[in-house]
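The values are calculated or read from the model by the stated rules, or taken from the named source; none is laboratory data. Treat the numbers as computed from the prediction; the structure is a model and nothing was measured. Every residue, glycine among them, receives a Cβ derived from its backbone with ideal geometry; neighbour counts consider all protein chains shown.
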């Protein structure tokens, strides 16, 4: 656990171009890892290319990403994305099933898409 915390503290944010495109609605130069960590992780996991995901995994490691997903209960990720990360990061299936069964998520997931 101490290793994960020290990685996060020492992480200097220099977003590569293939990551900065995910933050079209932000001033990328104003992003600070300590303050925007959750935003950065969520955007990359939800919308990043494989190259962006590889960058994030290289910076944090799978243990830290797994911990982040468990802590945030998969919020911000679609059902499909969450199932993907369940497989990649070996998240416990019963826990992911419980997140997906939450009433609030059912409303969001049940929306009509064009």
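Miscellaneous remarks
- Residue ID - modelled with the lowest pLDDT, chosen from residues in region 1-31 that are surrounded by 10 or more Cβ atoms within 10 Å (Cβ to Cβ) and outside any helix (DSSP H, G or I): 11
- Which numbered condition residue 36 fails, given (1) touching a helix residue (DSSP H, G or I) at 6+ places or on another chain (Cβ under 8 Å); (2) surrounded by 13 or more Cβ atoms within 10 Å (Cβ to Cβ): (1)
- Residue among 63, 38 that is assigned to a helix (DSSP H, G or I), more than 20 Å from residue 16 (Cβ to Cβ) and out of contact with any strand residue (DSSP E or B) (no Cβ under 9 Å at 6 or more places or on another chain): 63
- Criterion violated by residue 43 - all others in (1) more than 25 Å from residue 102 (Cα to Cα); (2) surrounded by 14 or more Cβ atoms within 10 Å (Cβ to Cβ); (3) at pLDDT 90 or above satisfied: (1)
- Filtering region 72-99 to residues that are within 16 Å of residue 43 (Cα to Cα) and under 13 Å from the mean Cα position of the chain (by Cα) leaves 72, 73, 74, 75, 76, 77, 78, 81, 82, 84, 85.
Let's see how each residue does on (1) within 20 Å of residue 19 (Cα to Cα); (2) surrounded by fewer than 18 Cβ atoms within 10 Å (Cβ to Cβ):
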residue	(1), (2)
55	yes, yes
67	no, yes
70	no, yes
74	no, no
83	no, yes
86	no, no
93	no, yes
99	no, no
103	no, yes
